[in-house]
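The values are calculated or read from the model by the stated rules, or taken from the named source; none is laboratory data. Only a predicted model underlies this, so the values are computations on that prediction, with no experimental measurement involved. Every residue, glycine among them, receives a Cβ derived from its backbone with ideal geometry; neighbour counts consider all protein chains shown.
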Amino acid sequence: MHRAAQAICDAVRTGGDEALAAAGASFGGGRTDPSVMHAEMKSAWDATNDEIRDAIEESIRNVEFFHSRQRPTDLTVEPVPGVRIDRKWSALGSVGAYIPGGKAAYPSSLIMTVVPALAAGVGRIVVASPAMADGRIDPTLLATAYRLGVTEMYAMGGAQAVAALAYGTESIRPVDKIVGPGNAYVTAAKLIVLGVCAIDMPAGPSEVLVIADGSADPEMVAVDLLCQAEHGPDSPALLVTTDESLARKVGEHINRLLPQLDRREILAQALTRHGLVVLVETISEAVAFANDYAAEHVTVLTERSAHDADSITSAGSIYVGHWSPEAAGDYATGANHVLPTGGLARSMNPLGIEDFGTWRQVQTLTESGLRAIAPTISTLATAEGLTAHRLSVDVRLRPSVR
């Protein structure tokens, strides 16, 4: 996987547009001319019915509401009189938003990546999403791009899209950072370009872990497991429960529901390969297991769901109680659904507005401030053998310096 992604990235880095087109033809998701025209987006919006438009508007509104309130606040401190440190935040100049596509369309992911970028004030937002086999992009995705005011969009997918965004080609300018979910090739490519281009996280297959006790509705547990497992055949779905009879009933509901679902073949593969039931003695053990596993999505369906959820420290998004389905967070609450996977929730965050900017430190000292900390600088610099560091202070404190 990594070697294949590396070969694709190297080809696009050296071959530009020609290599990008060749990769699109070989692996899918690209067009001879990947540029998506504004007219194509507008036409899709004009053809979109009011029900879908209203859903797009509601999702955008809630995501913007939540993320605009995350905007960082600058900080000024004076640890020693005459020594001032400012911590300042600025939006990135450019961001590439990778949106999965091709066999399925995710306008929700477009909203989750572009709206925070807009709220942060990013100067240039570039969208990349693979086309379908016939070269078209899903019309709802195009309509959403139009509504968001996207002005630069390309029909390209996979590792080649990540490489084009990171390295640039003759017709595509590189970006400062790439955000958004993708398949294993996209994740591998994001790790390959890291260093040339920043990334949000190496997000892998979607995951769900449900904590439930005997008070849970087994059908509700079943649909919550199915909800995220339908993303792909590599999506883990785990039930951690204190009640063996509940687990048995959940299995019965899954067997009943599966034939009715559009993505039943994908679901069957995911559950066969990555479905798991974990029986524990207590909910405390269930929470400990969840914290160790660090799943992307964790749903808590217990008698004391709010209390139990408070003890979960490693998760991308936590859904508390039977009125909180994972799908709500995927589409409409306003929380971001681009989340860490593969255990990275122990140390990484959901996509947020801070991912679309950088901090810098500004340090301003007066003469008295420098004199106050000069002995510390001199002692530590000498201990480390960095005499030029010490000298940079000494020359400033000589009587002749004004």
All-but-one check, VAL63 against (1) touching a residue at least 40 places away in the same chain (Cβ under 8 Å); (2) over 20 Å from SER109 (Cα atoms), failing number (2)
For LEU148, indicate whether it is surrounded by fewer than 24 Cβ atoms within 10 Å (Cβ to Cβ), closer than 16 Å to SER129 by Cβ, assigned by TED's automatic domain parsing to the domain that holds LEU118 and modelled with pLDDT of 95 or more. yes
Suppose we filter the stretch 120-168 for residues that are under 21 Å from PHE356 (Cβ atoms) and of a type in the set (Asp, Glu); how many remain? 1
Every residue in the stretch 123-140 that is outside any strand (DSSP E or B) and crowded, with 24+ Cβ neighbours inside 10 Å, please. PRO130, ILE137
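Hey, could you check the stretch 94-109 for residues that are more than 15 Å from ALA203 (Cβ to Cβ) and touching a Ser or Thr at 6+ places or on another chain (Cβ under 9 Å) and say which is surrounded by the fewest Cβ atoms within 10 Å (Cβ to Cβ)?
Of all residues in the stretch 94-109, those more than 15 Å from ALA203 (Cβ to Cβ) come to 94-95, 101-105, 107.
The next check asks that each one be touching a Ser or Thr at 6+ places or on another chain (Cβ under 9 Å); those that pass are 95, 101-102, 105, 107.
Working: VAL95: 29, GLY101: 24, GLY102: 19, ALA105: 21, PRO107: 25.
Only one residue tops the list, namely GLY102.
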Mind listing whichever residues of the stretch 253-278 are closer than 22 Å to GLU303 by Cα and over 31 Å from the mean Cα position of the chain (by Cα)? HIS253
